[in-house]
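The values are calculated or read from the model by the stated rules, or taken from the named source; none is laboratory data. A quick note: this is a predicted structure, and the numbers were derived from the prediction, not measured. Using ideal geometry, Cβ is built from the backbone for each residue, glycine included, and neighbour counts are taken over all protein chains shown. The accessibility values were calculated without ligands, DNA or RNA, using every heavy atom of the protein model including side chains. Shrake-Rupley method; radii C 1.70, N 1.55, O 1.52, S 1.80 Å.
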Number of protein chains: 4
Amino acid sequence: MAEKKELRIGMIGYGLMGRIHTNGYKNVNNFFPELEYKPVLKAVSARSEDKLKSFADQWGYESIETDWRKLVSRDDIDAIDICTPNNMHAEIAIAAAEAGKMILCEKPLARTVEEGKRMLEAVEEAGVPNTVWYNYRRVPAVTLIKNIIDSGKLGRIFHYRSNFLQDFTISPDVPQGGEALWRLDKEVAGSGVTGDLLAHCIDTAMWLNGSIDDVSAMTETFVKERVHQETGEEKEVKIDDACSFQCHFGNGSLGLFEATRYARGHKALFTLEINGENASLRWNLHDMNRLEFFDYEDDDKVHGWRSIHVSESEHPYMDRWWIPGTSIGYEHTFLHQVAEFLESLETGEPCHPTFKDAQETQKVCEAILDSAASGSWKETGVEW
Amino acid sequence: MAEKKELRIGMIGYGLMGRIHTNGYKNVNNFFPELEYKPVLKAVSARSEDKLKSFADQWGYESIETDWRKLVSRDDIDAIDICTPNNMHAEIAIAAAEAGKMILCEKPLARTVEEGKRMLEAVEEAGVPNTVWYNYRRVPAVTLIKNIIDSGKLGRIFHYRSNFLQDFTISPDVPQGGEALWRLDKEVAGSGVTGDLLAHCIDTAMWLNGSIDDVSAMTETFVKERVHQETGEEKEVKIDDACSFQCHFGNGSLGLFEATRYARGHKALFTLEINGENASLRWNLHDMNRLEFFDYEDDDKVHGWRSIHVSESEHPYMDRWWIPGTSIGYEHTFLHQVAEFLESLETGEPCHPTFKDAQETQKVCEAILDSAASGSWKETGVEW
Amino acid sequence: MAEKKELRIGMIGYGLMGRIHTNGYKNVNNFFPELEYKPVLKAVSARSEDKLKSFADQWGYESIETDWRKLVSRDDIDAIDICTPNNMHAEIAIAAAEAGKMILCEKPLARTVEEGKRMLEAVEEAGVPNTVWYNYRRVPAVTLIKNIIDSGKLGRIFHYRSNFLQDFTISPDVPQGGEALWRLDKEVAGSGVTGDLLAHCIDTAMWLNGSIDDVSAMTETFVKERVHQETGEEKEVKIDDACSFQCHFGNGSLGLFEATRYARGHKALFTLEINGENASLRWNLHDMNRLEFFDYEDDDKVHGWRSIHVSESEHPYMDRWWIPGTSIGYEHTFLHQVAEFLESLETGEPCHPTFKDAQETQKVCEAILDSAASGSWKETGVEW
Amino acid sequence: MAEKKELRIGMIGYGLMGRIHTNGYKNVNNFFPELEYKPVLKAVSARSEDKLKSFADQWGYESIETDWRKLVSRDDIDAIDICTPNNMHAEIAIAAAEAGKMILCEKPLARTVEEGKRMLEAVEEAGVPNTVWYNYRRVPAVTLIKNIIDSGKLGRIFHYRSNFLQDFTISPDVPQGGEALWRLDKEVAGSGVTGDLLAHCIDTAMWLNGSIDDVSAMTETFVKERVHQETGEEKEVKIDDACSFQCHFGNGSLGLFEATRYARGHKALFTLEINGENASLRWNLHDMNRLEFFDYEDDDKVHGWRSIHVSESEHPYMDRWWIPGTSIGYEHTFLHQVAEFLESLETGEPCHPTFKDAQETQKVCEAILDSAASGSWKETGVEW
């Protein structure tokens, strides 16, 4: 076996995403042994030295940096993985690009279109490989949807609908801000469910069904004030607790989307359905390894929605895993994305979604918030 | 057993709804033997004498009338059941009210708010019992939802979403107009999926969750021209093939609705879900006898959506039917509505949904079409 | 329309089955208008005159008889419908046959093979049309299974499994005997779940998959004593509370069956699954209008179990009912059987399952009980 | 952080199980950081040097041995992991025990009770920690079942049923023997589906519901001859292709089990259901992260089977993983078992299932095969 090339990773942040990306780096070569590159956990950065040290020990990072700027400037780092809260994405990404580093940035790309634009300019100017962790594209069932659509099976598309339903902020006693709940703090997150949840729905939707051209949206903040964890004081909640929107896709189909953190009984119910002339497809994250498929070309008497257990070697990515009928989990979607990124370094092709792709999603998110604020339809300006 | 009072029915129209209402009239006393009233199939009316005669023979109507005006004026008729296409509702209902007849009118009440207003004024002036066949309220699982909501179990309501998905007009070869496809002819139907399908969703939604105050809607006509069956010529399709809308309910919750006849794989997929602070409920017509229920008060380790097979004697209406675990079907919802109407004659209470209730749904439908046309939010003016 | 021939019904018994058969007789011509015969509710018989009168009034029987022997001997009766407890089947059926009446007998045919043999001899000697109410053959989804199997689609069959799970006798406080609970009294019922529930599973299984040749069974009586309703005294429970068996079918496939009244959470969960070389099928009574179908000939990437909503006009019986996507219920299976019986009078063909067919099921039931008692395999002697 | 103690692993075999165990060893400390022990991949052994080298490189084993006896005798190895075909288990395990090594042995423990007995004696004599990889106990949903049963929630147990359905040997063109298909070669495997699939069902069943006391079984070999991969010649197939059995549990409940590789449409459908007086539970491997739960103590009107998405921090093992609503996969059950084994080294408690536990399963398997051969009930002799 030829010696593999090292891809020396510098990770910023060590939360949920820090852990799950790291897991992907550590295991990718076991399951994709043909890859030329091999991630090396060179350094991890965060402000709290104690926690950082403990994280580095647990996960096997060679070194730590309490100042991300030092990390970005180190010569022994090839790629920066940005797992910070959203308000740090732009500054870090731009610095990393200027330092010539590859960048793997958590989603959403940025808080605003303006931030995203500067980030995109930075990576394009620097010519560095870049990708954004819209991991759900790498669910085998979702990739299979993409393959079926690309085969032309569906014919003309009429409808696309997608939800992302959670329930974790229903209690008014849940505070905002701080390490655990920065997603409820508008300064840090940029928006609420729009950037956090709908961004996933939108990235997947445009990947599968093309550009979203205009939107009409509605947002709501059900709990108006929450204690802020940094000050201990009640403070206005400025993010959107819930958001829905209607839209037109460039291909003439209609879209209907909704995200909320107030749908009692749903933990992370990302759903999608696409209805074409000849076939329809449906998927949800709670039953991640299943794909539902309706084929109008089946015989009349036995038309029905098929529940496909996406666990066989014919299915995307599944030749890498175990045996038919057994499942993979959430973490594997990130490992797949690591594999795709490593492969893109071999081929020189972009690893989608790139900053450019993610910026298109950013435009839709911003149009949504504008539409909700103004009560009118907004063009997105998406170029897909 | 005391002799029952007769309710002499005059039916206008003999299509699907004519048959299913008649089935209800014929069987209601077998399953609700305590009712004081007993429907008698006095006469049926339609234009085509031959078909009418055959229908009357098959279903046991005592007589026929080829002119509905004659039927309405007959002294031996107590109640007029309007099962005609929508464009006849107003004229017949107003004449029937003026003749002092009770009225059972198919949904939607009318083509327009203006028609509905005149109908409502007519029945109120005449003081005649009236009801509109929004039959889905009488699905046992849906009535059970109503009971659970009324018990206060859900707490504050955050979300309501409802779809009605069909696929029968996808082919451009499907014509418009004529006896079978008048629902595609705007002159006759008034609107497309809005009055046909969303009207059901809206009636149920307002019954369960109160008034819809404003709406933002989107409509589409996917197939622009279809052969008209009366002329054999290609003619513009003016109805809405698909319609979605966002809304605010009076109780502060958000609504999201969609109806279409272009969702490949779905025949009559009426769905609804309501998310409250403490519990959520979900139902669909394809699995009509099941109710899904999430109760946040269950123990933490065993939280989950329950699939309730609504077939036990504790469940609404189900003490009338067979044995636990066995199902009833679509027709029973109409039979239940007949029973409710007969009971209302005993009690003197209105049989909901009345013309007044149905007119509120009409207002929402009209606001939807206005919003879709103008691209802006519209107040509905609903008083619930 | 030609005048229909009358089929004058004399019903014995007025419990659940009495009601549901009557419902079928009353409505069959509305939905099968082409039939030459028309049932007429001539008389109903039972011992309790008051209840009988009330039943006859409610359901429209022309007359009553408190002595079934009188009913059987009346000249104005063409067909006897036996809805009594099992211990009366043989005596009534034999008398009815001798009187030259057609017979529609509730299942199981009899308490024992010996009783069944005498009944079968009686109808064969008399040459009278006869049928047994194994109604589940007439569930549209089950008939569709039969059609698919008959088409050869499945190839070689390997497995058949079927359960019938209930939970209504778990409490030891449930008594035995009397009008409501004669099914727990061995003298009256003949056996417990074997004749009550497994008989359904077996009739359907042999209809779909051919003869059951030998069996190895296990039975259990969980609650050993229950108050008998006739005496008010604790009495040994002699029926089987639960029964499972393994078997070989004549076609070489293996069978596995189970019935119980102690499966908490299941009301009437009749399930069946058949696995063939090229396809498999699965159905259950709780979701009566759905059929699950796996077709190995589907493309590799989209293999999956289809959930067929058996509600379209292409499906068995469904052209008689409402619209695609809407359901029928439990009672309709009986109405279908009435239609089949009436049609058999026109064609002169037997209406399956006949007494002969039902006697084969009886043989399997008896072999099961013998096997359970002896702990060894038993040949059934079935001729299918 | 205190330095961890090393557990130096010597693995024998590098097939599917070799890979998935190794994955567990490599990642366990990331997710169970509190463990005192840390597995070290010291050496792997197999006959084919080339493949072995490649495997060791890919997965990070420090060294290789082409003779397992050398591995077993190495001083720098603490624990032997046996991932070979079944015919090697006894010899290796006994040698390893004699060398004082801990043993982690793939299931089934052995080909026969006699082999298992010798293995058990060896580990008991040597006093070495030992465990068998019945991994399904470590599915969070299955562990949750165990917890619910142990809480007494179910009351008296009436029924236990469990299947393991596959379809991969339906084609007669599938050969037997060789590296890939040794499970079809009786010499190597010991038995067919009984040891391969039912052994899983039985281990889980006895863990949850106690001893299986006697059995009545049926086996079948559908395809009588297959080409043997080592000789290229048609050879009799001696394993059981399918097996079902009925049984009595020590607690008085009834069991019904089935396994097959001829159930078209099922890949690895391990199912189980347990029915108690007050509650029932149901699970299947295809939807591994869901548990179905029926609680009779729920209010009458809302009784139903709950679908619990076992993905929250309150659920067994799930505080180690990601976020509510997201899934883990098949491999995690092995990682959990590694964690349990490491923890058992700290506490000195046995890591169940031990060789002793697995030997009880072996007894049931042998009784099954004996019963099927003789057509009579067999006592198992299980001591649980």
Filter the range B:198-237 for residues that are more than 14 Å from chain A (Cβ to nearest Cβ), under 21 Å from the mean Cα position of the chain (by Cα) and among the hydrophobic types (A, V, I, L, M, F, W, C); which is most open to solvent (accessible area, probe 1.4 Å)? B:Trp207
With the condition kept exactly as written, say whether any residue in the range C:33-51 is in a helix (DSSP H, G or I) and open to solvent by less than 20 Å² (accessible area, probe 1.4 Å). no
Being charged (D, E, K, R) and in contact with a Gly (Cβ under 6 Å, 6 or more places away or on another chain) is the filter here, so list the residues in the range A:208-230 that pass it. A:Asp213, A:Glu230
Does C:Asp167 fit the bill of being free of Cβ contacts under 8 Å to residues at least 40 places away in the same chain and not β-branched (Val, Ile, Thr)? no
Among D:Val123, D:Val188, the single one that is in the same structural domain as D:Met88 (by TED's automatic domain parsing), farther than 30 Å from C:Ser171 by Cα and buried (at least 16 other Cβ atoms within 10 Å of the Cβ) is D:Val123
Which one of these does B:Trp384 not meet: (1) in the same structural domain as B:Glu258 (by TED's automatic domain parsing); (2) modelled with pLDDT under 95? (1)
Filtering the range D:98-120 down to residues that are in a helix (DSSP H, G or I) and open to solvent by less than 10 Å² (accessible area, probe 1.4 Å) yields D:Gly116, D:Met119
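With respect to D:Glu258, is the statement that it is in contact with a Phe, Trp or Tyr (Cβ under 7 Å, 6 or more places away or on another chain), charged (D, E, K, R), within 11 Å of another protein chain (Cβ to nearest Cβ) and buried (at least 22 other Cβ atoms within 10 Å of the Cβ) true?
no
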Matching entry among A:Arg118, A:Arg137 (being touching a Ser or Thr at 6+ places or on another chain (Cβ under 7 Å) and of a type in the set (Lys, Arg)): A:Arg137
Somewhere in the range C:15-28, is a residue open to solvent by less than 10 Å² (accessible area, probe 1.4 Å) and more than 30 Å from B:Gly18 (Cβ to Cβ)? yes
Could you please tell me which pairs satisfy a Cβ distance under 7 Å, a separation of 6+ or placement on different chains, a first residue in the range A:365-384 that is of a type in the set (Lys, Arg), and a second residue that is open to solvent by 20 Å² or more (accessible area, probe 1.4 Å)? A:Lys378/A:Asp214; A:Lys378/A:Asp370
Out of the residues in the range A:302-316 meeting the condition of being of a type in the set (Gly, Ala, Ser) and assigned to a loop (DSSP other than H, G, I, E, B), tell me which one is nearest to the other protein chains (Cβ to nearest Cβ). A:Gly304
Out of D:Gly100, D:Gly60, D:Gly10, I need the residue that is farther than 26 Å from A:Asp319 by Cβ, without any contact (Cβ under 8 Å) to a residue 60 or more places away in the chain and outside the structural domain of D:Pro316 (by TED's automatic domain parsing). Which one? D:Gly100
Looking only at the range C:52-97, which residues are part of a strand (DSSP E or B), over 23 Å from C:Leu120 (Cα atoms) and of a type outside the set (S, T, N, Q)? C:Ile64, C:Glu65
If a residue has to be part of a strand (DSSP E or B) and more than 23 Å from A:Gly210 (Cα to Cα) to count, how many in the range A:258-279 make the cut? 1
Taking the condition open to solvent by less than 20 Å² (accessible area, probe 1.4 Å) and either farther than 23 Å from C:Arg138 by Cα or within 14 Å of chain B (Cβ to nearest Cβ) (or both), does C:Asp240 pass? yes
Selection from the range A:168-185 of residues that are more than 25 Å from B:Glu297 (Cβ to Cβ) and within 14 Å of chain B (Cβ to nearest Cβ): none
Scan the range C:245-255 residue by residue and report those that are touching an Asp or Glu at 6+ places or on another chain (Cβ under 7 Å) and within 7 Å of another protein chain (Cβ to nearest Cβ). C:Leu254
Please go through the range C:333-355 and pick out each residue that is open to solvent by less than 10 Å² (accessible area, probe 1.4 Å) and either touching a Pro at 6+ places or on another chain (Cβ under 6 Å) or part of a helix (DSSP H, G or I) (or both). C:Thr333, C:Phe334, C:Leu335, C:His336, C:Gln337, C:Val338, C:Ala339, C:Phe341, C:Leu342, C:Phe355
Selection over the range A:231-246 where residues are of a type in the set (Asp, Glu), in a loop (DSSP other than H, G, I, E, B) and out of contact with any Gly (no Cβ under 9 Å at 6 or more places or on another chain) yields a count of 1
Filter result for the condition that a residue is surrounded by 24 or more Cβ atoms within 10 Å (Cβ to Cβ) and away from chain B (no Cβ under 11 Å), over C:Ala279, C:Ala358, C:Ala373: C:Ala358
Just a yes or no: is a residue in the range A:290-301 crowded, with 19+ Cβ neighbours inside 10 Å and within 11 Å of chain D (Cβ to nearest Cβ)? yes
Look at the range D:265-276 and say how many of its residues are open to solvent by less than 10 Å² (accessible area, probe 1.4 Å) and in contact with a helix residue (DSSP H, G or I) (Cβ under 9 Å, 6 or more places away or on another chain). 6
